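Peer 1: My questions all concern the structure below.
The values are calculated or read from the model by the stated rules, or taken from the named source; none is laboratory data. On a predicted model such as this, the values are computed, not experimentally measured, just so you know. Glycine gets a Cβ as well: all are built from the backbone with ideal geometry, and neighbour counts include every protein chain shown.
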Amino acid sequence: MRRDIPAPSITKEPVERTLFGETVVDDYDWIRRAERDRVVAHLEVENAHTEAVLEPLAELRETLFGEIRSRVQETDLSVPVIDGDWAYYTRTEEGLAYPIHCRRPADRPDDGPEQILLDENALAAESPSGFCDVRIFEVSPDHSTLIWGVDLTGDERMTLRITDLDTGEAHADVLTDLAAGSAFCTDNRTFYYLRPDDQNRPHEVWRHRIGADPTTDELVFAEPDDRFHLGVGRDRDDAFVHIACSSAVTDEVHLLDAADPAAAPFVVAPRVQDVEYSVAHHDGRLVILTNLDAPTFRVVTASPSDPGSPGWIDLVAADPEVTINDVDVFDTHLVLYERADGVTRMRIRWFEDGRIEPVEQPEPVSTVWSGINLDPAATTLRYGYTSMVTPPSLFELDLATGERRLLKQQEVLGGYDAEQYETRRLWATAEDGARIPMSIVSRRDRPAGPGPLLLYAYGAYEVSIDPSFSVARLSLLDRGFAFVIAHVRGGGEMGRQWYLDGKMEHKARTFSDTVACARSLVADRWCEPGQICLRGGSAGGLLVGAVLNLDPTCVGAAVAQVPFVDALNTMLDDSLPLTAIEWEEWGNPAADVETYQRYRSFTPYENIRAGADYPPVFALGGLHDTRVGYWEPAKWVARLRDETSGTAPVLLWTDLEAGHGGVTGRYDAWRDEARVLAFVIDAVGAG
């Protein structure tokens, strides 16, 4: 990349903020508050600057895009899922950016006549920008009707339409300004949907009857507490529709009789601060996963007629060494999705005799998850599996015999040989002595001694960044890179306490853990500091900014995608989407001076080291992002350039047509990834 192109001149328009006796001047607050035309003009200048700096990498970017595309089976289809008389699947076609949703008769799932339910490519063609995100897709229980909702702008607000699958005709009903989520009643004519408030928080559940005027829809449930958002879904056995009210650390579930299109909701257990639970129905009783009196979670049962927590009876007791992340409930058994020693696992618990059997996996550092299992009477189980060297795979396990059958593994074209790569678990030691796990993958023939390395970290919301396969990552590994995930505190990789040890008053550990991982990789001669590129997105982008401030010399480059780097100013403004919800994760800086000072100690925008020499930085944002505003990376980049002394490029790229998740078409996504990978390869000297 070029380092001799002057960065764009950015106007300073100082705004003062005084809180708890401290006055702070923000020179770049105007980027958030300016008229849209002025903002877009500024971002276009930044994009042009980034393209100019990266222009010498154009050939590399095209090569990388070609490599990614060449490994993908572009014309492909998913394993059909049998539901009633139909087999449902999605397929992709070479040259088309989006999936096509289809079904065939269940007795001929491979070669029966195909019915196209929804072609996302046709929807994208109607979008002015090509952005297309289908976030509602549900077929009625009798398979006669499809409801589908699409976001064509990136602001996460859906327009919902209804298709008669017998005729292919669209119903006249059109519902607008919806949040993602839906649930049919078993009458096949009534469904529930969600509406967001001005902060994009799903806060209302409404009921619609197909054919009725949407203005006559009924409000079923409203959530007034800004900390809580709503979800809606239906039980596997069709007994209840669930309304889930969730904050960052507290749950409350309401149930409606799925067979009654006029049902009123009833609460399972009234919310209690810091008590989480989820519910499933089984043979006339409720099966509940909860952390009540069980920090690592337990499974209990309750009667629907008296579902409150005083009557809960243990079904699977808590284990302090094992966190139960989720359960799948079937007629004869339940599946426990657990986490132990930083690795995901599955066990089967039989209702008949209470025995629990593990489901063994072939690799010690791997990830498993639930597949689509619609039939409550099923005696087979579909589940997903991957590792950093094994492409995503769908298995079917016969629960009676223990036989495991591979249904499909993502095909990697071009002669991919997993034996040429190796993955393992490494450990770093944090400042306080805690052992921080890292997952690493590299080629077996990577030269001994230091080499280029991409270090990825997140560390928030109890989210686990588990080891998984990436087609795009092969372009780094084949150029001598190692790829490392740092499972730092604040995430959930090592269980609930791991999360608690990296949030609120302990948040600084997330960042110091990352520095410890970087230093450990250097000490173990995987790399030199200048050969590390640190990458993270959203809350992981906050981590990137905080780590650079903590020690600008510990890495050689950084990529921050939709980074939450202006966290203090965002969390002081409860008019912004998600702010109130986030207080339980980060604290409310306006509530007390201690919380305010904690923010002031780590937020990236406020803590840039004046005069320090920072490495090359690449920040990426989305103009329509409702989670991390486009102004956060824009302000951060402006201040980095203004206050640091180095000559390394500090780049900003904003997608003017996308939101938090970036572009939606696969070819555009591959090109965006090629841009980032080219920056990484060049920045750490591996070009």
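Peer 1: So Val522 passes all but one of these: (1) touching a residue at least 40 places away in the same chain (Cβ under 8 Å); (2) within 25 Å of Val72 (Cβ to Cβ). Which condition number does it fail?
Peer 2: (2)
Peer 1: How about the stretch 352-401: which strands (runs of 3 or more DSSP E) wholly inside it have at least 2 residues that are touching a residue at least 40 places away in the same chain (Cβ under 8 Å)?
Peer 2: Once the strands (runs of 3 or more DSSP E) in the stretch 352-401 are filtered for at least 2 residues that are touching a residue at least 40 places away in the same chain (Cβ under 8 Å), what remains is 367-370, 380-386.
Peer 1: Evaluate the stretch 209-223: report whether one residue or more is surrounded by fewer than 22 Cβ atoms within 10 Å (Cβ to Cβ), under 24 Å from Ser247 (Cα atoms) and among the charged types (D, E, K, R).
Peer 2: There is at least one residue in the stretch 209-223 that is surrounded by fewer than 22 Cβ atoms within 10 Å (Cβ to Cβ), under 24 Å from Ser247 (Cα atoms) and among the charged types (D, E, K, R).
Peer 1: For residues in the stretch 19-69 being surrounded by 16 or more Cβ atoms within 10 Å (Cβ to Cβ) and of a type in the set (Phe, Trp, Tyr), which is nearest to Pro633 (Cα to Cα)?
Peer 2: Tyr28
Peer 1: Being in contact with a helix residue (DSSP H, G or I) (Cβ under 8 Å, 6 or more places away or on another chain), among the charged types (D, E, K, R) and either surrounded by fewer than 22 Cβ atoms within 10 Å (Cβ to Cβ) or within 19 Å of Ala557 (Cα to Cα) (or both) is true for just one of Asp417, Asp501. Which residue is that?
Peer 2: Asp501
Peer 1: Test each condition in (1) part of a loop (DSSP other than H, G, I, E, B); (2) within 24 Å of the chain's Cα centre (by Cα) for Trp583 and report the one that comes out false.
Peer 2: (1)
Peer 1: Hey, among Asp238, Asp187, Asp226, which residue is modelled with pLDDT under 95 and either surrounded by fewer than 22 Cβ atoms within 10 Å (Cβ to Cβ) or polar (S, T, N, Q) (or both)?
Peer 2: Asp226
Peer 1: Which count do you get for residues in the stretch 157-195 that are in contact with an Asp or Glu (Cβ under 9 Å, 6 or more places away or on another chain) and either of a type in the set (Phe, Trp, Tyr) or not in a strand (DSSP E or B) (or both)?
Peer 2: Selection size over the stretch 157-195: 8.
Peer 1: Further question: Go through (1) under 18 Å from Phe297 (Cα atoms); (2) loosely packed, with under 14 Cβ neighbours inside 10 Å and name the single condition Asp319 misses.
Peer 2: (2)
Peer 1: Any idea which residue in the stretch 115-130 is nearest to the chain's Cα centre (by Cα), counting only those that are among the acidic types (Asp, Glu) and surrounded by 14 or more Cβ atoms within 10 Å (Cβ to Cβ)?
Peer 2: Glu120
Peer 1: Of the residues Asp238, Asp260, Asp326, Asp293, which single one is outside the structural domain of Val463 (by TED's automatic domain parsing) and assigned to a strand (DSSP E or B)?
Peer 2: Selected residue: Asp326, the only one of Asp238, Asp260, Asp326, Asp293 that is outside the structural domain of Val463 (by TED's automatic domain parsing) and assigned to a strand (DSSP E or B).
Peer 1: What are the pairs, 6+ residues apart or on separate chains, where a residue within the stretch 12-23 that is closer than 13 Å to Pro589 by Cβ has its Cβ under 8 Å from a residue that is in a loop (DSSP other than H, G, I, E, B) and of a type in the set (Gly, Ala, Ser)?
Peer 2: Leu19/Ala590
Peer 1: For Glu419, which of the numbered conditions (1) part of a helix (DSSP H, G or I); (2) in contact (Cβ under 8 Å) with a residue 60 or more places away in the chain fails to hold?
Peer 2: (2)
Peer 1: Would you mind telling me which numbered condition in (1) touching a Leu at 6+ places or on another chain (Cβ under 9 Å); (2) not in a helix (DSSP H, G or I) Ala634 fails?
Peer 2: So Ala634 meets the others, but not (2).
Peer 1: crowded, with 24+ Cβ neighbours inside 10 Å, free of Cβ contacts under 8 Å to residues at least 60 places away in the same chain and either in contact with a helix residue (DSSP H, G or I) (Cβ under 8 Å, 6 or more places away or on another chain) or more than 20 Å from Ala430 (Cα to Cα) (or both): which single residue out of Arg446, Arg489 fits that description?
Peer 2: Result of the check over Arg446, Arg489: Arg489.
Peer 1: Would you confirm, using the coordinates I've provided, whether Gly540 is farther than 16 Å from Ala448 by Cα and either in contact with a His (Cβ under 7 Å, 6 or more places away or on another chain) or not in a helix (DSSP H, G or I) (or both)?
Peer 2: The answer is no for Gly540.
Peer 1: Please go through the stretch 105-123 and pick out each residue that is in a loop (DSSP other than H, G, I, E, B) and in contact with a Pro (Cβ under 9 Å, 6 or more places away or on another chain).
Peer 2: Result: Ala106, Pro109, Asp110, Gly112, Pro113.
Peer 1: Here's a follow-up. Restricting to the stretch 646-668, give me the number of residues that are β-branched (Val, Ile, Thr), more than 16 Å from Val684 (Cα to Cα) and not in a strand (DSSP E or B).
Peer 2: Result for the stretch 646-668: 2.
Peer 1: Which of the residues belonging to the stretch 470-484 are in a loop (DSSP other than H, G, I, E, B) and either surrounded by fewer than 23 Cβ atoms within 10 Å (Cβ to Cβ) or in contact with an Asp or Glu (Cβ under 9 Å, 6 or more places away or on another chain) (or both)?
Peer 2: Ser470, Val471, Ala472, Arg473, Asp478, Arg479, Gly480
Peer 1: Quick check on Leu426: is it of a type outside the set (Gly, Ala, Ser), at negative phi, touching a Cys at 6+ places or on another chain (Cβ under 9 Å) and in a strand (DSSP E or B)?
Peer 2: When the stated conditions are applied, Leu426 passes them.
Peer 1: Considering only residues that are more than 22 Å from the chain's Cα centre (by Cα) and surrounded by fewer than 21 Cβ atoms within 10 Å (Cβ to Cβ), which ones fall in the stretch 555-580?
Peer 2: Scanning the stretch 555-580 gives Leu572, Asp573, Asp574, Ser575.
Peer 1: Identify, please: which residue in the stretch 364-380 is exposed (fewer than 15 other Cβ atoms within 10 Å of the Cβ) and at pLDDT below 95 and is, among those, farthest from Met438 (Cα to Cα)?
Peer 2: Here the answer is Thr379.
Peer 1: For the condition in a strand (DSSP E or B), in contact (Cβ under 8 Å) with a residue 40 or more places away in the chain and among the aliphatic types (A, V, I, L, M), what is the one hit in Ala546, Ala516, Ala560?
Peer 2: Within the list Ala546, Ala516, Ala560, the selection yields Ala560.
Peer 1: Okay, next question. So, in the stretch 608-626, exactly how many residues are surrounded by fewer than 18 Cβ atoms within 10 Å (Cβ to Cβ) and of a type outside the set (A, V, I, L, M, F, W, C)?
Peer 2: 3
Peer 1: Out of (1) of a type in the set (A, V, I, L, M, F, W, C); (2) surrounded by fewer than 18 Cβ atoms within 10 Å (Cβ to Cβ); (3) not assigned by TED's automatic domain parsing to the domain that holds Thr514, what's the single condition that is false for Phe395?
Peer 2: Of the numbered conditions (1) of a type in the set (A, V, I, L, M, F, W, C); (2) surrounded by fewer than 18 Cβ atoms within 10 Å (Cβ to Cβ); (3) not assigned by TED's automatic domain parsing to the domain that holds Thr514, the odd one out for Phe395 is (2).
Peer 1: Which of the residues belonging to the stretch 448-493 are more than 29 Å from Val565 (Cα to Cα) and either modelled with pLDDT under 95 or among the aromatic types (Phe, Trp, Tyr) (or both)?
Peer 2: Ala448, Gly449
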